[in-house]
DNA sequence: CATACATATAGATAAAAGTCAATATGTTTT
DNA sequence: AAAACATATTGACTTTTATCTATATGTATG
């Protein structure tokens, strides 16, 4: 697998904050409204908005607007791509192409 | 899978720097001496030392001392654990336990 | 044993990231 | 139309991170 350092770093950055991991854990059980996510975190609304932007920009999370609410869910393809990148970087069994 | 936010964030932090990804790419083809890694990067020796500490502390990389050289290699178990964490956080097919 | 070499540590600096309060934007409801 | 509500944006502040130079530590060699 071809790994672009910049792109890969941006993807993994999405996972390297404690609060974003808490957000992802909430989304594992299905789509959630921003207000629900916020209720279960110790951060302000603008901070949540900032984190959701990072997760969406990295294609880890998908947003769906419905009236004044925004519903977030895990992106299956984004998650699979992140896992594929991580596997490519850590696989010791086969010597990959650089 | 149980996910500890702090631990998971520390693991993914190991992957979210461009130069650390370049280091991992070098290690995919097998164990490398620090001096070899350094030759293929645009950073100083202390900076490489700093990155290797982060990778080793996160259990992604293993170090082996031999005389004045230190040889680094990918940790199979560390890589597998990181992949398992990432899968647990991104899997949309089954609704995991929180 | 003195010198050269490989790596680590300390300390300083600059850039990046997380956070908040204040405010803007857009949507629904009264 | 005005008020209430959900989310985004702005700007400031603080913490963390990446980087460097200088120096220390430990090992091999002449």
> Taking the range A:42-86 only, how many residues are in contact with a strand residue (DSSP E or B) (Cβ under 6 Å, 6 or more places away or on another chain) and under 11 Å from residue A:11 (Cβ atoms)?
Replying inline: 1
> Within the range B:73-96, how many residues are assigned to a loop (DSSP other than H, G, I, E, B), without any contact (Cβ under 8 Å) to a residue 24 or more places away in the chain and under 27 Å from residue A:55 (Cβ atoms)?
Replying inline: 5
> For the range A:37-47, how many residues are surrounded by 14 or more Cβ atoms within 10 Å (Cβ to Cβ) and either more than 8 Å from DNA strand C (Cβ to nearest atom) or within 12 Å of chain B (Cβ to nearest Cβ) (or both)?
Replying inline: 3
> Among (1) exposed (fewer than 15 other Cβ atoms within 10 Å of the Cβ); (2) in contact with a helix residue (DSSP H, G or I) (Cβ under 8 Å, 6 or more places away or on another chain); (3) at the interface with chain A (Cβ under 8 Å from one of its Cβ atoms); (4) modelled with pLDDT under 95, which single condition is residue B:1 missing?
Replying inline: (3)
>> Quick check on residue B:70: is it touching a residue at least 60 places away in the same chain (Cβ under 8 Å), within 16 Å of DNA strand D (Cβ to nearest atom) and more than 7 Å from chain A (Cβ to nearest Cβ)?
In response: no
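The values are calculated or read from the model by the stated rules, or taken from the named source; none is laboratory data. From a predicted model like this one, the values you see are computed outputs, not experimental measurements. Note: ideal-geometry Cβ built from the backbone for every residue, glycine included; neighbour counts use all protein chains shown.
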